[in-house]
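Scroll down for the structure; my scribbles are underneath it.
Readers should treat all values here as calculations from the given coordinates under stated rules, not as data from a laboratory. For clarity, every value in this text was computed on a predicted model and none was experimentally measured. Cβ atoms come from the backbone with ideal geometry, glycine included; neighbour counts cover every protein chain shown.
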Amino acid sequence: MDAKWAGSSDEPSHQQLNVTIILATAGELVPSALKAVRKGGCVVCAVIHMSDIPSFPYNILWEERQIISVANSKRQDGLDFLNIAARNWH
């Protein structure tokens with residue numbers, strides 16, 4: 001898994017991230033996740049349903065950042081992922 005950092009949405013990373021994964025149904029997390037990823041980074045919305053993503057300034061999407069969604073994830077998928085991440089956290 002090679003995660004360098006994990007935390008809650010109200011706990012900012014101290015470095016730019018390659019990927020952020022949103023496991024909450026809260027669309028309002030997308031702009032802050034975009035701010036956390038490096039140029040060329042990706043925000044993964046890993047839930048089937050999410051509230052609307054609010055408007056945000058283009059500059060946090062600019063420089064090849066991406067927003068992608070996962071079509072068929074379930075709550076258990078997220079729990080399994082977090083368990084794997086916890087076991088492999090250094």
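Descriptive notes on the structure:
- Couplings for the stretch 66-74, taken from phi via the Karplus curve 6.51 cos²θ - 1.76 cosθ + 1.60 with θ = phi - 60°, read 10, 10, 10, 10, 10, 6, 10, 7, 10 Hz in order; Gly and Pro are left as x.
- For the chain, the longest site-free run once trypsin sites (Lys or Arg not before Pro) in DSSP loop states with at most 13 other Cβ atoms within 10 Å are removed: 5-73
- Ellipticity estimate at 222 nm from DSSP helix runs (n ≥ 4, -39,500 (n - 2.57)) divided over the chain, nearest 500: -7000 deg cm²/dmol
- Amide H contacts under 5 Å for SER69, placed H, 5+ residues apart: CYS45
- Cα-Cα P(r), the stretch 17-88, percent of pairs per 5 Å interval: 3, 17, 25, 23, 18, 9, 4, 0
- Site pair LEU61 and SER73 shows an inter-label distance of 2.0 nm when each label is modelled 7 Å from Cα along Cα→Cβ.
- Pairs of Cα atoms nearer than 8 Å and 6+ residues apart set the relative contact order; for the chain it is 29 percent.
- Computed from phi, the 3J(HN,Hα) profile of the stretch 49-54 under the Karplus parametrisation 6.51, -1.76, 1.60 (θ = phi - 60°) reads 10, 9, 5, 4, 7, x Hz, with x in place of Gly and Pro.
- Using the Cβ-Cβ distance between ILE48 and ALA86 with R0 set to 22 Å, the FRET efficiency from 1/(1 + (r/R0)^6) comes to roughly 0.40.
- Looking at the stretch 1-85, the GluC sites (Glu not before Pro) that sit in a DSSP loop and have at most 16 other Cβ atoms within 10 Å of their own Cβ are GLU63, GLU64.
- Inter-probe distance in nm under a simple model that places probes 7 Å from Cα toward Cβ, at ALA6 and ARG38: 2.1
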